Ligand code: ADP
Ligand code: MG
């Protein structure tokens with residue numbers, strides 16, 4: 001179906017590290033309300049692409065545009081200002097703080113110079129309910145949560161910055177089946193809210209369940225970007241491994 005104009009577009013993006021060509025001439029569009037999965041073997045350039053969109057790495061060449069306007073992302077804070085939120089694998093949660101305090105870390109709501117705990121708790125409850133995230137009390141220390149719940153808190157936290165797009169680098173790689181299912185439900189609710197979502201995952205069954213489109217990277221090259229319904233599990237594996245370069 002026609003999705004209209006993309007919110008973010010990458011064109012001809014390349015990046016090298018010394019002798020390693022991590023990305024070569026990569027194009028990607030991300031639309032509102034769309035989940036795009038990046039798949040590829042270890043070292044294929046997935047995290048490098050995420051980090052370029054997160055403002056962590058600068059591309060050697062190519063352009064990034066936001067709703068048709070060329071932008072640069074010289075720092076993580078510039079990416080946040082452009083509406084791009086990122087959840088990296090380490091999550092960067094503070095284990096001994098509660099769910100609500102992690103959500104508002106660095107973004108505390110105050111009134112008259114004092115922390116407004118009540119307002120933060122109300123906002124946290126509303127946010128987690130809207131995300132359909134299954135959580136214990138928001139006053140629970142994050143240390144007591146499952147891996148899936150921690151991932152959900154990390155994702156929910158980024159939403160307080162009102163992003164247009166959220167980047168998730170291997171959000172389920174350390175999770176059980178049940179925990180992964182919770183995170184996938186949350187990703188679906190992000191799509192329903194109209195966010196663009198980029199997810200890196202090695203779990204192709206999960207990718208097929210959640211993604212609208214799948215981009216295959218091999219040795220830094222974009223082998224193809226496919227609508228999920230147009231490509232089988234076996235075809236994705238063949239494209240990733242290099243058994244084939246194109247679908248017939
Ligand atoms: P993926 O996430 O698909 O496993 P990466 O994007 O992490 O792949 O890495 C792509 C290639 O770039 C690999 O060969 C990796 O070793 C290299 N690379 C990534 N980041 C750096 C870095 N900071 N310094 C040097 N080489 C890097
Ligand atoms: Mg990676």
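FYI, it's all coordinate maths here, none of it is from the lab. Just so you know, these numbers come straight off a predicted model, no measurement behind them. Neighbour counts are summed over all protein chains in view; Cβ atoms, including those assigned to glycine, are modelled from backbone coordinates with ideal geometry.
Out of everything in region 156-194 that is surrounded by fewer than 23 Cβ atoms within 10 Å (Cβ to Cβ) and within 14 Å of ligand 2 (Cβ to nearest atom), what residue ends up being nearest to residue 145 (Cα to Cα)? The qualifying residue nearest to residue 145 (Cα to Cα) is 174.
Looking at 239, 168, which is the one that is farther than 30 Å from residue 106 by Cβ and not in a loop (DSSP other than H, G, I, E, B)?
Answer to the selection: 239.
Residue by residue, here is whether (1) out of contact with any helix residue (DSSP H, G or I) (no Cβ under 8 Å at 6 or more places or on another chain); (2) over 30 Å from residue 145 (Cα atoms); (3) within 16 Å of ligand 2 (Cβ to nearest atom) holds:
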residue: 31; (1), (2), (3): yes, yes, no
residue: 37; (1), (2), (3): no, no, yes
residue: 64; (1), (2), (3): no, yes, no
residue: 77; (1), (2), (3): yes, no, no
residue: 104; (1), (2), (3): no, no, no
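Within region 80-136, being within 24 Å of residue 196 (Cβ to Cβ), surrounded by 13 or more Cβ atoms within 10 Å (Cβ to Cβ) and either without any contact (Cβ under 8 Å) to a residue 12 or more places away in the chain or within 16 Å of ligand 1 (Cβ to nearest atom) (or both) holds for 81, 86, 87, 88, 89. Selection of first residues in region 220-234 that are closer than 13 Å to residue 35 by Cβ and of second residues that are part of a helix (DSSP H, G or I) and more than 16 Å from ligand 1 (Cβ to nearest atom), restricted to Cβ pairs under 7 Å at least 6 apart or on distinct chains, gives the following pairs, ordered by first then second residue: 228/208. Restricting 197, 237 to those that are surrounded by 18 or more Cβ atoms within 10 Å (Cβ to Cβ), more than 16 Å from ligand 2 (Cβ to nearest atom) and over 15 Å from residue 45 (Cβ atoms) reduces the list to 197.
Once region 45-74 is narrowed to residues that are within 17 Å of the chain's Cα centre (by Cα) and assigned to a loop (DSSP other than H, G, I, E, B), the residue that is nearest to ligand 1 (Cβ to nearest atom) is 45.
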